[in-house]
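A short worksheet on the structure shown next.
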């Protein structure tokens, strides 16, 4: 059975499932949250990869289509599609907030105190407010929630 699968793989090239499975690696995590490959019609330069995308993701995919096609070729080892066809509709990727930044949760009270202590010497109220907002964003986006590392 294995030899049969290898033979068909060599004859017909990579499957749509291979592209769909590796989609986040091909287009990047952020873009993959907003679009989903739907089907592949044809092969090689005449092939068309159909993509469902929404809002900003559709514009991003359209702008990056040449790079995406190159990356698909790189991942699959041979040209699979010559163009992308983008359908504007909600992507069924399971992720909410397609092209939005990850939700920013609040920061811990100890982090808020540390941030305010660090900004205590700043006299300009507008600058202090901007730095406090930036510091809060840095703390809330850090992977380990302990804040930035030096």
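Could you list 121, 15 in order of exposure, starting from the residue whose Cβ has the fewest other Cβ atoms within 10 Å?
121, 15
How do 65, 78 line up, fewest other C-beta atoms within 10 Å first?
Going from least to most buried by this count: 78, 65.
For each of 40, 127, count neighbouring Cβ atoms within 10 Å of the residue's Cβ, then give the residues from fewest to most.
127, 40
With both partners inside segment 2-88, how many of the DSSP beta bridges are antiparallel, as a percent to the nearest 5?
Percent antiparallel among DSSP bridges in segment 2-88 is about 50.
Rule-based calculations on the coordinates, nothing more; no lab input. This structure is a prediction, so every number in the text was calculated from the model and none was measured. Neighbour counts are summed over all protein chains in view; Cβ atoms, including those assigned to glycine, are modelled from backbone coordinates with ideal geometry.
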